[in-house]
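Colleague: Below: one structure in structure tokens.
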Amino acid sequence: MAWAYFKLSQLEDLKKIIQLREHCCMNFSAIFRKKYFNNLKNSFANNTESNIVSKICNKDNANIEKSLKASDIIVHNNWVDNSIDFSLMLSENGQLLPICKENITSKIINLNKGLEIFGNALSKVNTIMGDKKSVNNILKAYFSNKKVSEGVNSFNYYTMTLDENNFIPCKAEQQEIKIRLATQKDLENLVPLQKNYEIEEVLPNSEMFSETMSKKHLSMILKNQITVVAEKSGKIIAKANTNEKGFIYYQIGGVYTLPEYRNIGISTALVSYLIENIFSMGMKASLFVKTNNHAALKVYINLGFIKHEEFQITYFLYQ
């Protein structure tokens, strides 16, 4: 058993573990997919099991190998068949992202040995996100004494998934509510909702909110993701969007309804409409929701979502 940088020859192996655990490693999956396999996006979108390695090897192998090493992805190979059972990605923006096969424990894998491969690059880590067990094992293995003085915020979520067989559609009960796809023309009207969503649901500290970054992020969402809105008398009162695309799932996020329009079924109808658009593209839906957000949990369960293990996001707040 050993830790090492991810190699091109392990491409198919890592893809398989991502697909098995994608609901709790969407950030890893999306970065991996976009960075290395954009030229194969059609085959990935259709979830075909083509021989990816042979296709990529027709290109410039030297450049690809160099790109893979520069990605800061490390993998752990088990001693039975040398297949990958744990992987860590250190993204360019400081996210540390784990993927592991189920039932893998820290007693089997020496996480500290793996993390040491990243060396000084670990100093840029500002977020760790993944299944709760992996995140806590990483914190214990390496960060317990190194970041504690800088302040830590952790948030727990349930991961949830939905396929067409379990979907329970919901329509808006109030006829005056219109649900539609959003466009870039909606940017300015969506800015206040996006701000409230980020402060209430995303940021560990409201003082971290940036009007400029929020608007820029929202513009990118409108350009690259599926965004839906609910309107009443021409006013946007709720929004929802996808925020990542993987091999199997579109991840749903950004669900926000103005307080005065809550508890009347708008969020359920809005997310239902978004799910229909996701299914029309041949993808499944996933999301994560705070474990104490009972209202949101009820919405998703009513739509047919299945609840899986807990997901954790830990932020290091630099002084």
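The values are calculated or read from the model by the stated rules, or taken from the named source; none is laboratory data. Values in this document were obtained by computation on a predicted structure and should not be read as measured data. Note: ideal-geometry Cβ built from the backbone for every residue, glycine included; neighbour counts use all protein chains shown.
Colleague: Kindly indicate the residue of region 180-211 that is at pLDDT 90 or above and of a type in the set (Ser, Thr, Tyr) and also surrounded by the most Cβ atoms within 10 Å (Cβ to Cβ) among those meeting that condition.
Modeller: Tyr197
Colleague: Taking region 262-271 only, how many residues are surrounded by fewer than 18 Cβ atoms within 10 Å (Cβ to Cβ) and modelled with pLDDT of 95 or more?
Modeller: Count: 0.
Colleague: Going by the structure shown, is Leu222 farther than 29 Å from Val135 by Cα, surrounded by 16 or more Cβ atoms within 10 Å (Cβ to Cβ) and in contact (Cβ under 8 Å) with a residue 60 or more places away in the chain?
Modeller: no
Colleague: In addition: Among the residues in region 283-299, are any farther than 18 Å from Met26 by Cα, of a type in the set (Phe, Trp, Tyr) and not in a helix (DSSP H, G or I)?
Modeller: Checking region 283-299: not a single residue is farther than 18 Å from Met26 by Cα, of a type in the set (Phe, Trp, Tyr) and not in a helix (DSSP H, G or I).
Colleague: Looking at region 192-209, I want the residues that are touching a residue at least 24 places away in the same chain (Cβ under 8 Å) and have a partner that is aromatic (Phe, Trp, Tyr) and not in a helix (DSSP H, G or I) with Cβ atoms under 8 Å, at least 6 apart or on another chain. Which pairs are those?
Modeller: From residues that are touching a residue at least 24 places away in the same chain (Cβ under 8 Å), the pairs are Leu193/Tyr256; Gln194/Tyr256; Asn196/Tyr256; Tyr197/Tyr256; Glu200/Tyr256; Glu201/Tyr256; Pro204/Phe155; Pro204/Tyr315.
Colleague: Inside region 238-282, can you point out the residues that are outside any strand (DSSP E or B) and basic (Lys, Arg)?
Modeller: Correct list: Arg262 only.
Colleague: Considering every residue within region 74-83, establish whether at least one is modelled with pLDDT of 60 or more, surrounded by 14 or more Cβ atoms within 10 Å (Cβ to Cβ), closer than 25 Å to Ser154 by Cβ and under 18 Å from the mean Cα position of the chain (by Cα).
Modeller: Looking for residues that are modelled with pLDDT of 60 or more, surrounded by 14 or more Cβ atoms within 10 Å (Cβ to Cβ), closer than 25 Å to Ser154 by Cβ and under 18 Å from the mean Cα position of the chain (by Cα), one finds none in region 74-83, hence no.
Conditions (1) modelled with pLDDT of 95 or more; (2) of a type in the set (A, V, I, L, M); (3) assigned by TED's automatic domain parsing to the domain that holds Asn189; (4) over 16 Å from Gln175 (Cα atoms), marked per residue:
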{"site": "Ile237", "(1), (2), (3), (4)": "yes, yes, yes, no"}
{"site": "Tyr249", "(1), (2), (3), (4)": "yes, no, yes, yes"}
{"site": "Leu274", "(1), (2), (3), (4)": "yes, yes, yes, yes"}
{"site": "Asn277", "(1), (2), (3), (4)": "yes, no, yes, yes"}
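Colleague: Anything in region 272-287 that is of a type in the set (A, V, I, L, M) and surrounded by 16 or more Cβ atoms within 10 Å (Cβ to Cβ)? List them, or say none.
Modeller: Once the filter is applied, which keeps residues that are of a type in the set (A, V, I, L, M) and surrounded by 16 or more Cβ atoms within 10 Å (Cβ to Cβ), region 272-287 yields Leu274, Ile275, Ile278, Met283, Ala285, Leu287.
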